[in-house]
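The values are calculated or read from the model by the stated rules, or taken from the named source; none is laboratory data. Note that the structure is predicted; figures quoted are calculated from it, not measured. Cβ: placed from backbone, ideal geometry, glycine included. Neighbour counts: every protein chain shown. Heads up: the accessible areas ignore ligands, DNA and RNA and are worked out on the full protein's heavy atoms, side chains in. Shrake-Rupley method; radii C 1.70, N 1.55, O 1.52, S 1.80 Å.
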Amino acid sequence: MATLINKFTVVGDVETFRKALAHVSEYMQAQPGFISHELYQSLSKPEIFVETATWDHADSHKKAVSSDEFRTRVKGLAGLAKPDADLYRSVDDH
């Protein structure tokens, strides 16, 4: 299993960002290997969002983000937020 953790610092309109991200998430949720998705917003810094998405395997995520459809949808986020993303594996499950 692999988990995407993506921290967004929103520099544009928050609602426009959320709609654009939902458009990307809609596509990702339909991809083979997708398991779940959550979006968090900071209570102290409302311009900060953290997205997590669980995939059956890192290769499933890599295949999804390499598609033309993903690249088209993610363009809607340009200028709205600065992302900081990576894939992670669990090393401790307490």
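General remarks:
Yes/no per residue for (1) of a type in the set (A, V, I, L, M, F, W, C); (2) modelled with pLDDT under 95; (3) in contact with a Ser or Thr (Cβ under 7 Å, 6 or more places away or on another chain):
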residue	(1), (2), (3)
K45	no, no, no
S60	no, no, no
A64	yes, no, no
F70	yes, no, no
G79	no, yes, no
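- Tally, over segment 48-94, of residues that are among the hydrophobic types (A, V, I, L, M, F, W, C) and touching a residue at least 60 places away in the same chain (Cβ under 8 Å): 5
- Among the residues making up segment 17-57, those that are under 19 Å from P83 (Cα atoms) and small (G, A, S) are A20, A22, S25, S42, S44, A53.
- Within segment 1-17, the residues that satisfy the criterion of being assigned to a helix (DSSP H, G or I), in contact (Cβ under 8 Å) with a residue 12 or more places away in the chain and surrounded by fewer than 16 Cβ atoms within 10 Å (Cβ to Cβ) are V14, T16.
- Scanning segment 61-89 for residues that are touching a strand residue (DSSP E or B) at 6+ places or on another chain (Cβ under 7 Å) and either of a type in the set (S, T, N, Q) or part of a loop (DSSP other than H, G, I, E, B) (or both) yields L80, R89.
- Search result, residues across segment 36-94 that are among the charged types (D, E, K, R) and open to solvent by less than 100 Å² (accessible area, probe 1.4 Å): E38, E47, E51, D56, D59, E69, R73, D86, D92
- Boolean, S36 is in a helix (DSSP H, G or I) and of a type in the set (G, A, S): no
- The one condition in (1) surrounded by 14 or more Cβ atoms within 10 Å (Cβ to Cβ); (2) modelled with pLDDT of 95 or more that E26 fails to fulfil: (1)
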